[in-house]
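Inspection log for the structure reproduced underneath, given as structure tokens.
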Amino acid sequence: MVADGFVPWPTHLADEYRAKGYWAGNSLYAEVMDALRSRSEGIVLVDERRRYSRDELVGAVEARAAGLAEAGLGPEDRVVVQLLNDADFVITFLALLAVGSRPVLALPGHRRAELCHVAELSGATAIAVPSAPGGDVMYAELAAEVRSLVPSLLLTLIDGHLVDGHDIDRPGVNHRPPAVDPDDIALFLLSGGTTGLPKLIPRTHNDYAYNVRASSELCGFGPETVYLVALPAGHNFPLGCPGFLGTFLRGGRVVMSTSPASGRAFPLIKDEGVTTVAAVPAVAIQWMEDAAADPSALATLTLLQVGGAKLNPEGAKRIEPELGCRLQQVFGMAEGLLNYTREDDPIDVVIDTQGRPMSPGDEIRIVDSAGEPVPDGDVGELLTAGPYTLRGYYRAPEHNERSFSPDGFYRSGDLVRKHSSGNLIVEGRAKDHINRGGEKISAEEVEDHALAHPAIHNAAAVGVTDQKLGERIGLFAVANHPVDLDTLRQHFQERGVAAFKCPELLFVVDDLPVTNVGKIDKVALRRQADQHQAGRQGST
Ligand code: OOB
């Protein structure tokens, strides 16, 4: 039985995806663990504290699965996972799959507001958080607060294996994974969100196993791949595109870095002989600056995947000469569709485009505002459907009305055009979100929090162009009483909102401009904010 609140693929498409072999009928756990078990012995996982051989990792996953099952977790459970990039992330994630529970993959930056929302919406019974603090937060305290607010949460797993101070891992105990329906949900990813709080993206065993398998083949992963997880491991990109799961599937080695900062990542790359890493543009650009000071730092790197936000051609051009590795652009989304540039694409295509769909089963349409296909080469909104693209957000029927076409295509909200090579170029977006160095922030969510401040009467959040991050969060506010940025940021913090969603620039205005249909004119506001910033930079 597939969970309620889940929108399945139409039968004829599901049959086609099976017939074409995209959907292999395995559980995600079986695909990954079979690959791990059948490879040669040797180091498969490294974090800043420990190295795991194949047998040690398989043993650790089984020990944790046995412990989780004993703690009462099984196929009915959803578990919010907010762990850092270390071996416990990998072990806990795989152990949850082993007992049939569904990980709900929150990010380290999420705070009370987001965690409560996803725990409630998923009906989670447990939450897994690290013992280590994360800058401004003690995750265990945050989890306790969330548990006091969300009655379905019964269990907190510290580092994935400590419950009330007791280690639940059961080394040597064999755990037998329950049978799962491959059409059922394996895990939930969170949407970056254009409206309100994050939505839950159900990924099935069939669809996600295909996502990982096809990605790892396309990207040429193999036993020689040493993959660094530098972005948050619960994000689709380092998780399964091909990510650490794709590395395990093809017999490679995974290295976990708690941060993408060069101070952390570079020594790991050097010491472990890392060959492959996924980064957002802001990180890639920073690495170029830092590698200039230490040219041998990235000597082993052969492939840098860049995605999550637009890498402009000027930055793209510098990557191969300055880092001495191949660039691959990746335009993906947690909802499904993945576009990759290919190894045999001419260099200008790799520099100028964001790739093309991974699968022959991917269907894309580029449409105008009336939903009609645009002429080839024109800009339009990207709509997509396929064997690993969701047909609906979980438990969100009203939202699904807007986010999907009547025939089930996901409206990505991205404005794209087709390059003469057939690859896509991302030109902007139709949806109202801010892309802050790869972190997607719903403008509406920022506005809702701002409007909850007693001094603010009307608000509009926009992305303000920023050289480093691509965009930062600007808030235009109509205020009844004086308000400044510090007060506003404190207000966001008190509301338990992730720090990366707090306004960074505040423009107090008398009123907000509107378009001729009466909507807030965000294009004008963005322009105004950009001009203001350019003026400031010019004057310093
Ligand atoms: C990845 O996934 P999400 O869910 O965090 O964000 C998806 C959105 C896309 O709809 C697009 O607006 C933007 O992020 N985006 C890009 C891009 N890659 C993602 N915009 C321009 N150029 C790119 N290369 O960000 C994601 C998921 C899997 C693999 C890679 C990225």
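The values are calculated or read from the model by the stated rules, or taken from the named source; none is laboratory data. Just so it is clear, the structure is predicted and the values come from calculations on it, not from any experiment. Glycine gets a Cβ as well: all are built from the backbone with ideal geometry, and neighbour counts include every protein chain shown.
Could you look through the range 223-259, keep only residues that are part of a helix (DSSP H, G or I) and closer than 18 Å to R50 by Cα, and pick out the one that is nearest to the ligand (Cβ to nearest atom)?
Step one: filter the range 223-259 for residues part of a helix (DSSP H, G or I), giving 236-240, 243-249.
Narrowing the set further to residues that are closer than 18 Å to R50 by Cα leaves 244, 248.
Details: F244: 13, F248: 18 Å.
In this case the residue turns out to be F244.
Taking D164 as the residue in question, decide whether it is away from the ligand (no atom under 16 Å from the Cβ), charged (D, E, K, R), within 25 Å of the chain's Cα centre (by Cα) and surrounded by fewer than 22 Cβ atoms within 10 Å (Cβ to Cβ).
Values: away from the ligand (no atom under 16 Å from the Cβ): yes; charged (D, E, K, R): yes; within 25 Å of the chain's Cα centre (by Cα): no; surrounded by fewer than 22 Cβ atoms within 10 Å (Cβ to Cβ): yes.
No.
What number of residues in the range 314-338 are over 21 Å from F237 (Cα atoms) and either within 16 Å of the ligand (Cβ to nearest atom) or in contact with a Gly (Cβ under 7 Å, 6 or more places away or on another chain) (or both)?
Count: 2.
Regarding G160, is this residue touching a residue at least 24 places away in the same chain (Cβ under 8 Å) and within 17 Å of V81 (Cα to Cα)?
Values: touching a residue at least 24 places away in the same chain (Cβ under 8 Å): yes; within 17 Å of V81 (Cα to Cα): yes.
Against the criterion (touching a residue at least 24 places away in the same chain (Cβ under 8 Å) and within 17 Å of V81 (Cα to Cα)), G160 qualifies.
In this structure, is F507 modelled with pLDDT of 95 or more and crowded, with 22+ Cβ neighbours inside 10 Å? I'd like the intermediate steps shown before the answer.
Working: modelled with pLDDT of 95 or more: yes; crowded, with 22+ Cβ neighbours inside 10 Å: no.
When the stated conditions are applied, F507 does not pass them.
Hey, does the range 145-161 have a residue that's within 16 Å of the ligand (Cβ to nearest atom), within 25 Å of the chain's Cα centre (by Cα), crowded, with 22+ Cβ neighbours inside 10 Å and not assigned by TED's automatic domain parsing to the domain that holds R18? Break it down stepwise before answering.
We begin by selecting, within the range 145-161, every residue within 16 Å of the ligand (Cβ to nearest atom); these are none.
Checking the range 145-161: not a single residue is within 16 Å of the ligand (Cβ to nearest atom), within 25 Å of the chain's Cα centre (by Cα), crowded, with 22+ Cβ neighbours inside 10 Å and not assigned by TED's automatic domain parsing to the domain that holds R18.
Give me a count of the residues in the range 218-236 that are within 20 Å of V80 (Cβ to Cβ) and not β-branched (V, I, T). So that I can check it myself, show each step before the final result.
Residues of the range 218-236 within 20 Å of V80 (Cβ to Cβ): 229, 231-236.
Adding the requirement that they be not β-branched (V, I, T) leaves 231-236.
Residues in the range 218-236 being within 20 Å of V80 (Cβ to Cβ) and not β-branched (V, I, T): 6 in total.
Working carefully through the options R356, R417, R402, find the one that is modelled with pLDDT under 95 and either at negative phi or in contact with a strand residue (DSSP E or B) (Cβ under 9 Å, 6 or more places away or on another chain) (or both). So that I can check it myself, show each step before the final result.
Working: R356 fails: modelled with pLDDT under 95; R417 fails: modelled with pLDDT under 95.
Of the residues listed, the single one that is modelled with pLDDT under 95 and either at negative phi or in contact with a strand residue (DSSP E or B) (Cβ under 9 Å, 6 or more places away or on another chain) (or both) is R402.
If you go through the range 403-417 one residue at a time, how many are surrounded by fewer than 20 Cβ atoms within 10 Å (Cβ to Cβ), touching a residue at least 24 places away in the same chain (Cβ under 8 Å) and away from the ligand (no atom under 13 Å from the Cβ)?
2
When you scan the range 362-384, how many residues do you find that are of a type outside the set (D, E, K, R), part of a loop (DSSP other than H, G, I, E, B) and in contact with a Leu (Cβ under 8 Å, 6 or more places away or on another chain)?
To start, the set of residues in the range 362-384 that are of a type outside the set (D, E, K, R) comprises 364, 366-367, 369-371, 373-375, 377, 379-380, 382-384.
Those still in the list that are part of a loop (DSSP other than H, G, I, E, B) too: 369-371, 374-375, 377, 379.
So of that shortlist, the ones also in contact with a Leu (Cβ under 8 Å, 6 or more places away or on another chain) come out as 379.
Result for the range 362-384: 1.
Which of the following residues is surrounded by fewer than 16 Cβ atoms within 10 Å (Cβ to Cβ), more than 15 Å from the ligand (Cβ to nearest atom) and on the phi < 0 side of the Ramachandran plot: E372, E427?
Values: E427 fails: more than 15 Å from the ligand (Cβ to nearest atom).
So the residue among E372, E427 that is surrounded by fewer than 16 Cβ atoms within 10 Å (Cβ to Cβ), more than 15 Å from the ligand (Cβ to nearest atom) and on the phi < 0 side of the Ramachandran plot is E372.
Here is a list of conditions, (1) surrounded by fewer than 17 Cβ atoms within 10 Å (Cβ to Cβ); (2) over 19 Å from the mean Cα position of the chain (by Cα), and G134 meets all of them except one; can you say which number that is?
All conditions are met except number (2).
Can you pull out every residue in the range 197-222 that is outside any helix (DSSP H, G or I) and small (G, A, S)?
Start the filter on the range 197-222 by keeping residues that are outside any helix (DSSP H, G or I), which leaves 197-204, 219-222.
Residues satisfying the conditions are G220, G222.
Before we move on, is T247 among the hydroxyl-bearing types (S, T, Y) and in contact with an Asp or Glu (Cβ under 9 Å, 6 or more places away or on another chain)? Spell out the reasoning first.
Numbers: among the hydroxyl-bearing types (S, T, Y): yes; in contact with an Asp or Glu (Cβ under 9 Å, 6 or more places away or on another chain): no.
No.
Check F476 against each of (1) within 16 Å of the ligand (Cβ to nearest atom); (2) at pLDDT 95 or above and name the one condition it does not meet.
With (1) within 16 Å of the ligand (Cβ to nearest atom); (2) at pLDDT 95 or above applied to F476, the lone miss is (1).
Are there strands (runs of 3 or more DSSP E) fully within the range 265-361 with at least 1 residues that are aromatic (F, W, Y)? List them.
Details: elements: 276-279, 303-307, 326-333, 336-340.
Ranges flagged: 326-333, 336-340.
List the number of the failed condition for H491; all other conditions in (1) surrounded by fewer than 18 Cβ atoms within 10 Å (Cβ to Cβ); (2) touching a residue at least 24 places away in the same chain (Cβ under 8 Å) hold.
Going through the list (1) surrounded by fewer than 18 Cβ atoms within 10 Å (Cβ to Cβ); (2) touching a residue at least 24 places away in the same chain (Cβ under 8 Å), H491 breaks only (1).
Do we have G438 as near the ligand (Cβ under 10 Å from one of its atoms), out of contact with any strand residue (DSSP E or B) (no Cβ under 7 Å at 6 or more places or on another chain) and of a type outside the set (D, E) here?
Values: near the ligand (Cβ under 10 Å from one of its atoms): yes; out of contact with any strand residue (DSSP E or B) (no Cβ under 7 Å at 6 or more places or on another chain): yes; of a type outside the set (D, E): yes.
Yes: the conditions hold for G438.
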